[in-house]
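Asker: Next up is a structure, given as structure tokens.
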Amino acid sequence: MNQTAIEAQVVPVKQPLDVSAIRGPAPQLLTYYLIVAILTLPGVFFVLPALWFRYRTLQYKFDDEGISMRWGLFFRREVLLTYRKIQDIHVSRGIIQRWLGLATVSVQTASGSATPEMSIEGILEAEELRDYLYAKMRGSRQNVSTAQSDESSQTENEVTELLMGIRDNLAKLVDAREVR
Amino acid sequence: MENIRRASEWCYQGLWYSLTKWFLVPRDPPSLPSTEGEWVQSFRPSEGYLNYLRFFFWLGLFAIDIALTIGWIAIFIALPIVGVLITPIALAIIVLPDIVAYIAIHLRYDTTWYVLTDRSMRIRRGIWTIHETTITFENIQNIHIHQGPVERYFGFASLLVETAGGGGAQAHGAAGLGHRGMMEGLSNAPEIRELIMQRIKQIKSAGIGDDHVDSETSTTRGFTPQHVQLLREINQLTAQLAT
């Protein structure tokens with residue numbers, strides 16, 4: 001009885017998100033687009049095909065350095081950016097998006113426009129994706145600082161060892177001279 | 001009076017519960033990923049900010065309701081029958097928006113969160129559409145604090161943080177989707193500014209995408225007391241050898 005209670009409390013370790021697996025929007029995005037199109041009432045015949053094509057052609061590619069995103073059927077667009085240039089990350093969820101479990105992750109670089117450079121739509125793991133981008137963006141120096149301190153402490157240790165060696169050798173020399 | 005307060009609080013709790021349950025408004029304050037032992041703080045705007053919002057609510061309520069009431073009385077005097085007929089509508093128009101606005105103020109206050117760590121900040125805002133903005137201090141270009149006379153009376157200030165790039169000012173207002181983070185209603189705005197400024201001063205990059213310079217500082221750090229002690233001993237030994 002006790003054991004089951006303890007087992008229930010064990011929180012599964014959250015796997016870090018494999019971003020390279022994200023290649024396109026989640027199917028829920030189509031539902032969201034459908035609702036959005038219907039909400040425009042008379043515009044539905046224009047909006048729905050446009051959104052449908054957008055959904056069908058939307059592609060993401062996350063690699064080690066940055067993100068690329070492409071969409072469009074007749075007019076094709078492609079946006080590329082590197083993680084290091086990211087300045088702000090915005091996550092916004094409307095009420096319908098929350099019901100569907102979606103979120104829009106918008107990423108801004110230092111460009112002149114107020115609208116985000118890249119709005120990654122239809123992501124189910126928005127929190128994880130944001131954490132991933134946050135870890136990669138400038139100024140969140142989790143990885144860099146630990147690596148650096150490791151390195152510097154290593155050199156420090158080596159310097160100490162070398163100095164100790166020199167001291168011991170000198171001590172031997174002094175001893176040898178005194179014996180003579 | 002006490003009963004009314006308790007009842008309204010109870011109603012508000014119910015509303016809050018339904019918002020979190022069916023409208024999936026997050027219950028927990030936001031946080032930021034951080035390493036162990038790092039300083040992370042989540043907080044709401046100050047109480048003074050809520051009082052400030054309430055103050056303007058009452059101001060607007062009196063102005064609009066007095067105007068509406070005068071209009072209604074005018075109709076009543078001119079056309080008594082119409083006046084009687086529209087009484088329920090008039091009352092609804094006068095009272096209902098007030099209740100909605102009052103609740104909206106509280107919801108706005110309760111859904112606004114700020115998070116600060118040593119390296120970055122996060123702002124959450126919104127009820128229907130929830131926006132979360134994350135900015136690292138390294139990307140911040142400038143900080144503004146502004147405080148009007150009424151805001152000073154209520155004891156808070158607003159802090160605006162801007163990153164490189166532009167166009168943020170006109171498009172999204174206080175919601176701030178573009179290159180800016182707005183922290184409204186801070187009772188300790190100068191302290192937070194100091195905190196951010198200190199962090200920015202430590203960072204030697206220009207703040208638009210160039211490489212870290214801190215490797216330089218870590219190599220110049222160099223000697224520890226242990227090293228110095230060893231060097232002294234070596235110096236002594238060489239002195240003995242030289243004689």
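The numbers here are math on the coordinates, done by the rules we state, and not lab data. Since the structure is predicted, the reported quantities are computational estimates derived from the model, not experimental observations. FYI the Cβ positions are ideal-geometry reconstructions off the backbone, even for glycines, and counts take in every protein chain you see.
Asker: Sort B:H179, B:H144, B:H106, A:H90 so the one with the fewest other Cβ atoms within 10 Å of its own Cβ comes first. Before the final figure, lay out each step's value.
Answerer: Numbers: B:H179 27, B:H144 13, B:H106 16, A:H90 23.
Listing B:H179, B:H144, B:H106, A:H90 from fewest to most nearby Cβ atoms yields B:H144, B:H106, A:H90, B:H179.
Asker: Another question, if that's okay. Once the Cα atoms of the protein assembly as shown are picked out, what are the Rg and Dmax in Å?
Answerer: Rg and Dmax of the protein assembly as shown, Cα atoms, are 30.4, 130 Å.
Asker: Right, another one. How well do other chains shield peptide B:115-128, expressed as the mean number of their Cβ atoms within 10 Å of each residue Cβ?
Answerer: Mean inter-chain Cβ contacts per residue within 10 Å come to 2.
Asker: Arranged by the count of other C-beta atoms within 10 angstrom, fewest first, what order do A:T104, B:T111, B:T133 take?
Answerer: Lowest to highest Cβ neighbour count: B:T111, A:T104, B:T133.
Asker: First measure r as the distance between the Cβ atoms of B:V40 and B:C11, then evaluate 1/(1 + (r/R0)^6) with R0 = 25 Å and state the FRET efficiency to the nearest 0.05.
Answerer: 0.15
Asker: For chain B, set up a Gaussian network in which alpha carbons nearer than 10 Å are linked by springs, and say which option among B:A157, B:A104, B:A92 fluctuates the most.
Answerer: B:A92
Asker: For a footprinting-style exposure proxy, rank B:I234, A:I22 by other Cβ within 10 Å, fewest first.
Answerer: Going from least to most buried by this count: B:I234, A:I22.
Asker: What is the packing order of peptides A:34-44, B:38-48, taking the mean over residues of other C-beta atoms within 10 Å and listing the highest first?
Answerer: Put in order of decreasing packing, that is B:38-48, A:34-44.
Asker: If you don't mind, there's one more thing I want to ask. Would you mind giving the mean number of other chain beta-carbons within 10 Å of the Cβ of each residue in A:82-88, as a whole number? Mind showing how you got there, number by number?
Answerer: Working: counts 1, 0, 4, 3, 4, 13, 15.
Mean partner-chain Cβ count within 10 Å for A:82-88: 6.
Asker: Please give the calculated 222 nm ellipticity per residue for the protein assembly as shown, where each DSSP H segment of at least 4 residues contributes -39500 (n - 2.57) and the sum is spread over every residue; nearest 500 deg cm²/dmol?
Answerer: Using -39500 (n - 2.57) per qualifying helix, the result is -17000 deg cm²/dmol.
Asker: Next question, about the same structure. Where in the range A:29-80 are there chymotrypsin sites (Phe, Trp or Tyr not before Pro) that are in a DSSP coil and have at most 12 other Cβ atoms within 10 angstrom of their Cβ?
Answerer: Qualifying residues, ordered by number: A:F74, A:F75.
Asker: Under 8 Å for C-alpha pairs, at least 6 residues apart: give me the relative contact order for chain B, rounded to a whole percent.
Answerer: Answer for chain B is 17 percent.
Asker: How would the range A:67-140 be classified by its alpha-carbon gyration tensor: rounded, prolate or oblate, with rounded meaning a/c under 1.5 and the a/b versus b/c comparison settling the rest? Write down the numbers at each step before the final one.
Answerer: Numbers: a/c = 1.74, a/b = 1.06, b/c = 1.64.
Cα axes put the range A:67-140 in the oblate bin.
Asker: Relative contact order, percent, of the range A:64-126 when contacts are C-alpha pairs under 8 Å separated by at least 6 residues?
Answerer: For the range A:64-126, the relative contact order is 25 percent.
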